[in-house]
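Enquirer: I'd like to ask you about the structure that follows.
None of the figures in this text is laboratory data; all of them are computed from the coordinates on show. Because the structure is predicted, anything quoted here is derived from the model rather than measured. Glycine also receives a Cβ, built like all others from the backbone with ideal geometry; neighbour counts cover every protein chain displayed.
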Number of protein chains: 2
Amino acid sequence: MSQESDKQRLRIGLCGLGTVGGGTLRLLTTKQAEITRRVGMTLDIVHVATRRPDASLQELGIRISQDVFDVARNPDVDILVELMGGFEPALELVLLAIENGKHVVTANKALIAVHGNVIFEAARKKGVVVAYESAVAGGIPIIKALREGLAANSIHWLAGIINGTSNYILTEMGERKRDFPEVLKEAQQLGYAEADPTFDVEGIDAAHKLTILAANAFGIALQFEKIYTEGISKITTADIAYAEELGYRIKHLGITRITPKGIELRVHPTLVSERQLIANVNGVMNAVVVKGDSAGSTLYYGAGAGANATASSVVADLIDIARAGKDDRTGSVIPPLAFSNLRTDLEILDISEIESEYYLRISAYDRVGVMAKISQVLTNYGINIEAVIQKEPHGADLEKGTVPMVLLTSRILEKTMDIAIGVIESLDEVADSVTRIRVELFNDEIA
Amino acid sequence: MSQESDKQRLRIGLCGLGTVGGGTLRLLTTKQAEITRRVGMTLDIVHVATRRPDASLQELGIRISQDVFDVARNPDVDILVELMGGFEPALELVLLAIENGKHVVTANKALIAVHGNVIFEAARKKGVVVAYESAVAGGIPIIKALREGLAANSIHWLAGIINGTSNYILTEMGERKRDFPEVLKEAQQLGYAEADPTFDVEGIDAAHKLTILAANAFGIALQFEKIYTEGISKITTADIAYAEELGYRIKHLGITRITPKGIELRVHPTLVSERQLIANVNGVMNAVVVKGDSAGSTLYYGAGAGANATASSVVADLIDIARAGKDDRTGSVIPPLAFSNLRTDLEILDISEIESEYYLRISAYDRVGVMAKISQVLTNYGINIEAVIQKEPHGADLEKGTVPMVLLTSRILEKTMDIAIGVIESLDEVADSVTRIRVELFNDEIA
């Protein structure tokens, strides 16, 4: 333990010693000298709460508790670092730490997305900082970029690959022509997907992160309850191959955009032109593109998960707090959601209210005139066909007597597309439900 | 002009109303409300120095001077923004502003790269901030990423496309198969290249920026005098086509890397695998890849120049200073080169001391055994050939009786390669000087 006076030390209480907690402990203990060289202050872990106490912690002179609340109550702790995840007891713990005048650093995206408004309000009242860079996109300093680096910009939109598991699965499906269940199983064996993969592959994890990004981009409250979420489990290798033939890749994107009608906030598989840099972000990597009115499009790329990358952002938050002066209790120097005053005049749009171009894959019986019929339905709803792929049936299609037809449509209101798809599905010639994937052109909707 | 008390106002003096100065003025005046919403403080331009005074400035209630030093002497200015460029009078002006206790924001990469050490020392003594995000990579918040976002990392290396003009010319040469002089001329007509393009195409501008990036990455003094600089004017469309055949793109990169021998600091055309994300950064866009020990590789992409993108970073620096509290005169909260104490134990390596793989293009007379002779020379110096392209001669080669031979070599010390190339050039069979382009594999040299 350091011998500096308390003025020169930032005393850290660490709650949770799982993957990220272990990485943070390792980073802070092995790199203390270099961090001190950066900060001019020692970052000392003085208290750890873990259910699996370890002799090496005691050797470091670190106090150990089984009860995480001991850390929040310890007057010798300046900052509580919450790396347990989940809602309980994390929420209660964070609120108690704030109540006791401690700064908080957390990697808990679910906690911030769902309970952030309450947490930030409590922090504002006590004048402490709540920092969460590690909650979004792992080692990429994207929150800092939005809140500080791009602070001179009105953000028009942002779009990101913010779940490494989904991106890994889509990349593998595309490169190795293997279907979702098989790739998922392998990803689980490799440790890239959890035993229960729902959070990742159904888009919930990405939805937490996008909620946080949108709040920072537009200066609005966190509104996780209003986000549209769709995962990758229904994407097929056939869709990936058709998209490629049309010059697109399928990526699981979080998209948020300010439009004259309100704010789009949506997570779903998306066709992206192969010429976009983000279309070439593969494997477990993350990337976020931000369109600002002054800076234009900027992109931030890196590892979105893992013990080391996430710990990098946890410790960056600690360094920020140390540099601002640990005794700074103004707390609001840099507002937690990038703005001093949040806007309340912007509504989150229902998904039915967004406009998009669409990829449609329709399984139709191989009869004369079926394409004409489908085209007519689309025309009736003001939808143009921009590109078509129709091939000779083979495999399962040949047995069923069906033929797959793939269309790219013009831009249209989602609820109009819903109706058009309903009509198409009701045609006698159409064998199955229509697959619909949104296409993202990264356009602005404001002047 | 705002009516807030001086406590709630940051009073800005702007020196220079060229492209970036005009953009900054526009940004600050048109977006005052949104910036105030972010900062909780008004950013007011109270004084402008320009040789072309404009009636609209007077309407805004802004004081106008022809003499920039008036701004540095004005007690009602909290921050001096230097957007004139060049060394004189910028250096004297910045030092006077610091002496008078003003914070300084500058976009002047040459000034920081060459005189930064003196400027930062003066700022340290007076406890003021000197911020220069806009000096490197325009609207991309790369200085902030290095200094804050990645502060928990030991940086192993970074590599960047940091001159938009060079990247535009190389992109056009590759896509349109047109040679350097022709593309340069067109770039000048489009305003992407200056009338005197030396600064951009000979790599000097990139060298200024890389000097600044390296100092922030490793916590060393600015050492522009030790950088190795090579521009793009000798690259041919043939080189670009051969590189492509081998799976590479030619990019003008700034590379800095910590090795057991010292620090590499070099700017030159570089072969980069087409599978690297940075190989796909085209046109005037910039991108920097940073390898940190915790975060891994992260990449930052965006517009590297232009009035709006650069103004975005100028104003971001102003917002940082405002958020920290304009009356903060500790100055050293976030050190100007990312570290409280700079390292003096790291030498900048001479280019002859670096190791690299190489692309060699050799124009040889079309005789039996010439490849064997060249191979033997390389073998004598411990250099392996990893790939070869040799084609039937045509065009000018056919007339001269020469044949172009293209080789990719194994990794070797640059000074050994210098000798081997000298020997090859002395062979009777070799018609011309050898073209040598370094290949970057983005490897670490430290464990």
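Enquirer: List the residues, sorted by chain then number, that are 5 or more residues from B:ALA364 or on another chain and whose placed amide H is less than 5 Å from its amide H.
Expert: Here B:VAL403, B:MET405, B:ALA431 satisfy the definition.
Enquirer: So how compact is the stretch B:355-440: Cα radius of gyration and Dmax in angstrom?
Expert: 12.3, 37
Enquirer: Classify the protein assembly as shown as rounded, prolate or oblate, taking a ≥ b ≥ c as the square roots of the eigenvalues of its Cα gyration tensor: rounded when a/c is under 1.5, otherwise prolate if a/b is larger than b/c and oblate if not.
Expert: Taking the square roots of the gyration eigenvalues as a ≥ b ≥ c, the protein assembly as shown is rounded.
Enquirer: Note down the net charge around B:ILE45, summing +1 for each Lys or Arg and -1 for each Asp or Glu among other residues with Cβ under 12 Å from its Cβ.
Expert: Taking every other residue near B:ILE45 into account, the sum is +1.
Enquirer: I would also like to ask the following. Which angle from 0 to 90°, rounded to the nearest 10, does the C-alpha axis of helix A:109-126 make with the longest principal axis of chain A?
Expert: Helix A:109-126 and the main axis of chain A meet at about 40 degrees.
Enquirer: Could I ask something else about it? So what J values fall out for the stretch A:231-237 if you push phi through Karplus, 6.51 cos²θ - 1.76 cosθ + 1.60 with θ = phi - 60°, rounded to Hz, Gly and Pro as x?
Expert: With coefficients 6.51, -1.76 and 1.60, one gets x, 9, 5, 9, 6, 10, 4 Hz.
Enquirer: Next question. If each Cα of the stretch A:1-141 is one equal point scatterer, what is log10 of I(q)/I(0) from the Debye formula at q = 0.15, 0.21 Å⁻¹?
Expert: With no solvent term, the Cα-only Debye profile gives -0.72, -1.41.
Enquirer: Compute the angle between helix A:204-218 and the longest alpha-carbon principal axis of chain A, please, reported from 0 to 90 degrees and rounded to the nearest 10.
Expert: That helix lies at roughly 80 degrees to the long axis.
Enquirer: Something else now. Quick one: if the Förster radius is 56 Å, what FRET efficiency do A:ARG26 and B:ARG51 give, using the C-beta to C-beta distance and rounding to 0.05?
Expert: 0.45
Enquirer: With Cβ to Cβ distances under 13 Å as the rule, what net charge do the other residues near B:ILE64 carry (K, R +1; D, E -1)?
Expert: Residues near B:ILE64 contribute -1 overall.
Enquirer: Counting only other chains, and only Cβ atoms inside 10 Å, what mean value do you get across the residues of B:279-291?
Expert: Across B:279-291, the average partner-chain Cβ count within 10 Å equals 2.
Enquirer: Which whole-number value in Å³ per residue fits the convex hull of the alpha carbons of the stretch A:173-224?
Expert: So the per-residue Cα hull volume is 97 Å³.
Enquirer: So for the pair B:VAL388, B:GLN66, with labels modelled 7 Å out along Cα→Cβ, what separation do we get in nm?
Expert: 7.1 nm
Enquirer: Something else: Using a Förster radius of 51 Å, what is the FRET efficiency between B:GLU92 and B:GLU59 based on their Cβ-Cβ separation? Nearest 0.05, please.
Expert: 0.95
Enquirer: Let me ask something else. For chain A, what value does the Rg/Rh ratio take when both radii are computed over Cα atoms and Rh is the Kirkwood radius, given to two decimals?
Expert: Rg/Rh for chain A comes to 1.04.
Enquirer: Cα axis of helix A:370-380 to longest principal axis of chain A: angle in degrees, 0 to 90, nearest 10?
Expert: 60 degrees
Enquirer: Over the Cα atoms of the stretch A:1-70, what radius of gyration and what Dmax do you get, in Å?
Expert: Here Rg and the maximum Cα pair distance are 12.0, 33 Å.
Enquirer: Same structure, new question: For the stretch A:355-440, build the charge dipole from Cβ charges (+1 Lys, Arg; -1 Asp, Glu) around the Cα centre, then report which of A:ALA364, A:ILE389, A:PRO404 sits farthest towards its positive end.
Expert: A:ILE389
Enquirer: Could you give each residue of the stretch B:432-444 its phi-based ³J(HN,Hα) in whole Hz, using Karplus coefficients 6.51, -1.76, 1.60 with θ = phi - 60°, and x for Gly or Pro?
Expert: Here the 3J(HN,Hα) series is 8, 5, 7, 7, 10, 10, 6, 10, 10, 9, 6, 8, 7 Hz.
Enquirer: May I ask for log10 I(q)/I(0) of the stretch B:142-304 at q = 0.16 Å⁻¹, from a Debye sum over the Cα atoms as equal point scatterers with solvent left out?
Expert: For the stretch B:142-304, the Cα-only Debye profile gives -0.88.
Enquirer: Quick check on chain A: of the DSSP beta bridges with both residues there, what percent are antiparallel, nearest 5%?
Expert: The antiparallel proportion sits near 65 percent.
Enquirer: Restricting the count to DSSP beta bridges whose residues both fall in the protein assembly as shown, what percent are antiparallel, rounded to a multiple of 5?
Expert: The antiparallel fraction comes to roughly 65 percent.
Enquirer: Okay, moving on. In peptide B:336-342, how many Cβ atoms from other protein chains are near each Cβ within 10 Å, on average?
Expert: The shielding value for this peptide is 3.
Enquirer: May I ask which of B:LYS177/B:LYS251; B:LYS226/B:LYS261; A:LYS209/B:LYS144; A:LYS109/A:LYS226 have a Cα-Cα span longer than 19 Å here?
Expert: Exceeds cut-off: A:LYS209/B:LYS144.
Enquirer: Using a Förster distance of 51 angstrom, determine the FRET efficiency expected from the C-beta separation of B:GLU99 and A:ARG275, and round it to 0.05.
Expert: Efficiency at R0 = 51 Å is approximately 0.50.
Enquirer: Please compute the modelled spin-label separation between B:GLU353 and A:GLU34, points set 7 Å along Cα→Cβ, answer in nm with one decimal.
Expert: Each label point is offset 7 Å from its Cα along the Cβ direction, giving 2.1 nm.
Enquirer: Can you give the convex hull volume of the alpha carbon atoms of the stretch B:246-380 per residue, in Å³?
Expert: 190 Å³
Enquirer: Viscosity 0.692 mPa s, temperature 37 °C: what is the translational diffusion coefficient of the stretch A:92-211 from Stokes-Einstein with a Kirkwood Rh over Cα pairs, rounded to a whole number of µm²/s?
Expert: Approximately 200 µm²/s, per Stokes-Einstein.
Enquirer: Quick one: if you stick a label point 7 Å off each Cα along the C-beta vector at A:THR19 and A:GLU244, how many nm between them?
Expert: 2.8 nm
Enquirer: If you bin every alpha carbon distance in the stretch A:111-154 into 10 Å steps from zero, what whole percent lands in each bin?
Expert: 25, 43, 31
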